[in-house]
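Here is the structure we will look at, set down as structure tokens.
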Amino acid sequence: MPQPFERWRLTVSGLVQGVGFRPFLFNLARGLELTGWVRNNFAGVEIEIQGAPTALARFSAALRERPPAAAQIDGVERETIPPLPGEDDFTIIPSQSGRLPGSPLPDQGICPDCAAEFFDPANRRYHHPFNSCTLCGPRFTIMEALPFDRSRTAMEPFPLCPDCQTEYTSPADRRFHAQTIACPQCGPKLWFRDAQGRPGADDPAGAARRILKAGGILAVKGIGGYHLACDARNAAAVDRLRRLKGRDNRAFAVMFRDPEAIAAVCRVTAEEAALLAGPVRPIVLLLQREGGTLAPGVNPGLRELGAFLPYTGIQLLLFEDELTALVMTSGNRSGEPLSIGDEEARRDLGPMADGFLGHDRRIRWRCDDSVLRWQAGRTIGIRRSRGLTPAPVRLERKLPPLLACGAQQKNVFALTQDERVYLGPHQGDLDNAASFLAYRETIAAMQRLLHCQPEWAVHDLHPDYNSTRYARESGLPLLGVQHHLAHIAAVIAAERLDGPVLGVAFDGSGYGPDGAVWGGEFFIGSGCAWRRVGQLEYYPLPGGEAAVREPWRMTAAYLNANAPALLEEWLEARELGKSWPLLRQAVRAGINAPPTSSVGRWFDGVAALLGGPARAGYEGEAAVWLENQADPAAEDRFELPFRLAGDGFRIDPGALAAALARERHRLGPAALSMKFHRTVAALIREAARWARREAGIDRVVLSGGVFQNRLLLDLTLAELETEGFRVAVPQWVPINDGGIALGQAWLGGLMIERGVDDVLGGAR
Amino acid sequence: MNGKIRLAEGGGGEATASLIRELFWSRFRHPQLLRGNDAAVLEHAGGRLALTTDAFVVTPWRFPGGDIGRLAIAGTVNDLTMMGAAALGLTAAFIIEEGFDKSDLEQIAASMAAAAAEAGVDLVAGDTKVVRKGEADGIFITTTGVGTIAPGVRLGGELARPGDRVLVTGTLGDHGAAILLAREELGLSGALQSDVAPLNRLLLPLVGEYPGAIRVLRDPTRGGLATTLNEIARQSGVAIRLREAAIPVRPEVRGLTELLGLDPLYLANEGKALLVVAPEAADAILAALRRQPRGSRAAEVGEVLAGNAGLVSLVTASGGERIIPLGSGEQLPRIC
Ligand SMILES: [Fe+3]
Ligand SMILES: [Mg+2]
Ligand SMILES: [Zn+2]
Ligand SMILES: [Zn+2]
């Protein structure tokens, strides 16, 4: 006797729209001979399913265990309801017109099936640059409005041809209800223009490849904006691109034809390979092999290389024969926002590019490539943008509706809606006028897209951040969150931690409520109650921002207080003797020499001391130099400049700088850099021991831009984990200032709810 | 209002502006005051008068290129000039600390007389107070000026229009840099001179010659060119874009500010003006300025743009465009 039929209602929440979820369920249900229906609703997907209980259980298990790759299921609710007699089919029914649109999905890199078609000469989509399906293709960057429907995207001007229409309406097809599909007949068209902007070439991609092969620079329109590309093996091309772009020594990212091409240049673990090939298709920072064939100008002096794989057919078209590795840098003048419009690209990139490969599909949202690293069993977030924006970070609780304005550099803003925090795309440095204007526009547009109406503006305490100015001008009630607490709070939010933690914020600089420049801070707390238990001793920052550009100034500040004779000798050797006396006077007189506890400046000062750049082209350049000098084989560390003070502790960066200065003639920079890194890691362990002893805390949160230093983070994780501390870092949210907005949202939201306006208890 | 006055609230930046708005403008609501120009324009039966007042508290009172006396005369003459007004007369009030040297006071008086003669104006009334030791820092001087505005002259920070050009009459930051060196005994004193000077003879003839074409005249004193341009951009509801390469700065000033991490655009000037002028008259006015000794290094430094009201930016030598904000007065690094 057959089992009596049951009927279940399943409500699936999460990122389940625009990822091929309904076709997946359709095929699953038919395979299990189940009947019922599925539709999108405001929360996600709603299903009614009917059949034998064992088949229902298999359906429900498969839904959780092997959903489409891009889906993220937050929860499944099940309810048993009375069966419907006579139902004989499973159908996809129209979306429920809900009060809220479904969550918008990030862009998805081209999937293996679409890539296989792309390379199959027999397929009607052979070499089709816009190939996509329910699982892959642009999403966020072509969105005009929600819900995600072709008519509300940049695909609207491209009506489906009969063949594509058939696929779109066939439930068994992998393009069933896919909003972005196209083919050579009906899809967007690629075009080529030469440096003078003259259209031409019957074969746009061929003309583009000819430029790359000849060592030229190509502007390519991709998914989130234009890139500037050149052959990564051609040293002259790479140097020319760097010069034309006005780019400092920062490394270029390299796009490789396929995983094999990456493996020829970098060491790639299985996890890294999965990250590289996944739908996010981020830039992954990999360790480069010795003696690779890339031009040295790609990442001068660095052990790491930012590598990524093509994520759209347009990019697949760029590779051919020996052309397997391309510098793909964002299409802008250094410091400016990425170009997304064809006209602005011609204007801004024209002076740099030898040709343009573009297309007639509009990019609605500017979205830089995301950057991640795989380290010690987890990802470390560096930049969160294409492929991740605007998937919300989900919190354990609801937040009041607010705008978190973010920081000044590497800006990302956030909007909240219930328990979701939507992080906007990477906005760059708000010092730049165009970036700031784009920031203003993007905030307004994201509010419209997501139906967010913020009632608060949460901002950094720094009165001169342009994000803080934006908050002041928004007319919303304001709430300030300290920069380094925001760094820590971002990790608590993203990793859903609860209970008290030791937060270690190692950073460049951030505004301290005592008027000092913070950046080496240890906090204990949870929720809205925090205490600053440790810090680096304050040293003057000679010339304020000028000290960021000129790392030698911090060396001078440290040695002046701890080893003046060594300072004289060192200044002479580096031919800096002329500048210091006047600067020392200024420091004494308190002219633009605020006290700082910054670890970023500590790394700068030590780098300059050991022979690193006296001037930094970008913030962190000296620290990057120092990290890349270190010889991992060198043992030993310095005595820890750690002392108890009041009800906390202090670390003296100047004492350690002096110790380094004394050993400078005995050991080279490779050994000294390694000793320094080991010492800093041991200092964090010492702080964690203190927190365990004094407050019973064994959870440590690490955040701040200094932890982008791979060596330091490796050493620190090892020190802490061998002693049984549980360590959290931001995995998908930037560890640098790109993560500030999430921390502002989480902590600011809590402060608003609880009516708290000072989480540091007035501790100065 | 709670709390204590902070030094930043006298720095001329955002903090000063909000203090004035909240504390004074809320109580004194005369439309001339609320315009925020250098001097008020008062109408009477016989025409229009400009009225202005300024307190001078510079330390040290004597500095390379001038002293507090010259500053007190030039400052008030210049504030009248910026409204296109010819001075009728000046008053001066002195607050002197017990123990101040008489010979120093004499020197200050002589310097005031010389500056007044240079400007062709007269000191017509005065007041002198002495306070106990510690109640003032040496000497404070307040000067007030009244002047007449010729018919047809109309100047004001609210009159800049898109397309207009921004001119400066010479190198920027000289006064601020000289005071910094002198005050902190940084060595180098003497290498830099303040530019303190009355500008009426340089500018009033031009105002007469180009009525309407000169829209805004300002002396970028405390807070420098950056602060003054931000005020104008807000008052006029326009954006202003500067070209870094065009801005005249003496190499000595450049060297000092680079070392100290300061920005010459935010340093005070006491003998310079900025002009916002109609584009068609810009070249002629620039040429006329350059013919005068006090205007020999005049330059066109930027232009007025529509949209983005209140935004002041700088196209840098490397081609990037940086926002030049109204500083909070705190000056802490924004680079993380
Ligand atoms: Fe930071
Ligand atoms: Mg005045
Ligand atoms: Zn696909
Ligand atoms: Zn088609």
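Read-outs throughout are calculated quantities, based only on the coordinates presented, and are distinct from any laboratory measurement. Predicted model, so just to flag it, every value in this text is computed and none were measured. A quick note on method: Cβ atoms are made from the backbone with ideal geometry, for glycine too, and the neighbour counts reach across all protein chains shown.
Classify chain B as rounded, prolate or oblate from the Cα gyration tensor: take a ≥ b ≥ c as the square roots of its eigenvalues, call it rounded if a/c is under 1.5, otherwise prolate when a/b beats b/c and oblate if not. Verdict is rounded for chain B. When A:127, A:665, B:175 are arranged by Cβ crowding within 10 Å, least crowded first, meaning fewest neighbours, the order is A:665, A:127, B:175. Helical content of the protein assembly as shown, expressed as a calculated mean residue ellipticity at 222 nm, amounts to -9500 deg cm²/dmol (DSSP H runs of 4 or more residues, -39,500 (n - 2.57) each, divided by residue number, nearest 500). For the pair residue A:123 and residue A:239, label points projected 7 Å from Cα toward Cβ lie 4.1 nm apart. With θ taken as phi - 60° and the Karplus curve 6.51 cos²θ - 1.76 cosθ + 1.60 applied, the whole-hertz 3J(HN,Hα) list for the stretch A:544-551 is x, 4, 4, 6, 6, 6, 10, x Hz, x standing for glycine and proline. Given their separation in residues at 0.36 nm each and the Cα-Cα distance between them, residue A:640 and residue A:347 gain 100.0 nm when the chain is fully extended.
Could you give the distance between the Cα centres of the stretch A:180-213 and the stretch A:1-62, to the whole Å? Here the two parts' Cα centres lie 43 Å apart. List the residues of the stretch B:294-336 whose backbone N lies under 17 Å from a point placed 7 Å from the Cα of residue A:615 along the Cα-to-Cβ direction. Output list for this probe position: B:316-320. Ordered by the count of other Cβ atoms within 10 Å of each Cβ, fewest first, A:405, A:164 give A:164, A:405.
Ordering A:653-660, A:424-431 by mean Cβ neighbour count within 10 Å, with the highest value first, yields A:424-431, A:653-660. Using a Gaussian network model of chain B with C-alpha springs under 10 Å, which one of B:198, B:220, B:31 is most mobile by mean-square fluctuation? Taking springs between Cα atoms under 10 Å, the residue moving most is B:31. Here the calculated FRET efficiency for residue A:633 and residue A:447, from their Cβ-Cβ distance with R0 = 35 Å, stands at 0.05, rounded to the nearest 0.05.
Taking a span of 27 Å or more along the helix axis (Cα atoms) and a mean Kyte-Doolittle hydropathy of at least -1.0 as the rule, the DSSP H helices of chain A that qualify are A:669-695.
Between the stretch A:629-688 and the stretch B:281-316, the alpha-carbon centres lie 53 Å apart. Each residue, residue B:18 and residue A:152, gets one label point 7 Å from its Cα in the Cβ direction; the gap between the two is 3.9 nm.
Remark: mean inter-chain Cβ contacts per residue of A:539-545 equal 4, using a 10 Å Cβ-Cβ cutoff to other protein chain atoms.
Counts of other chain beta carbons within 10 angstrom of each beta carbon in peptide A:427-433 average 5.
For the stretch B:261-330, applying the loop criterion from DSSP together with a ceiling of 16 other beta carbons within 10 Å to the GluC sites (Glu not before Pro) yields no site. Note on A:454-465: average number of Cβ atoms from other chains within 10 Å of each residue's Cβ is 3. Trypsin sites (Lys or Arg not before Pro), restricted to the stretch A:386-465: which are DSSP loop and have at most 16 other Cβ atoms within 10 Å? Here the sparse-neighbourhood loop sites are A:397, A:398. Listed from fewest to most Cβ neighbours within 10 Å, the set A:538, A:226 follows the order A:538, A:226. Listed by chain and number, the aspartates and glutamates placed with their C-alpha closer than 13 angstrom to that of residue A:675 are A:627, A:631, A:635, A:636, A:639, A:663; residues fewer than eight positions away on the same chain are left out. The calculated FRET efficiency for residue A:62 paired with residue A:526, based on their beta-carbon distance and R0 = 60 Å, is about 0.95. Treating r as the C-beta distance of residue A:170 and residue B:254 and R0 as 56 Å, the FRET efficiency rounds to 0.20. The label point for residue A:320 and the one for residue A:76, both projected 7 Å from the Cα toward the Cβ, are 4.8 nm apart. For chain A, compute Rh as the Kirkwood radius over C-alpha pairs and then the Stokes-Einstein diffusion coefficient at 10 °C and 1.306 mPa s; write the answer in µm²/s, rounded to an integer. Rounded, D is 58 µm²/s.
Comparing Cα centroids, the stretch A:562-599 and the stretch B:187-258 end up 33 angstrom apart. Using 0.36 nm per residue and subtracting the Cα-Cα separation, the extra length available between residue A:92 and residue A:568 on full extension is 163.5 nm. Using a cut-off of 27 Å between Cα atoms, the listed pairs A:213/A:245; A:398/B:4; A:213/A:410; B:4/B:133; A:189/A:213 include A:398/B:4; A:213/A:410 as exceeding that distance.
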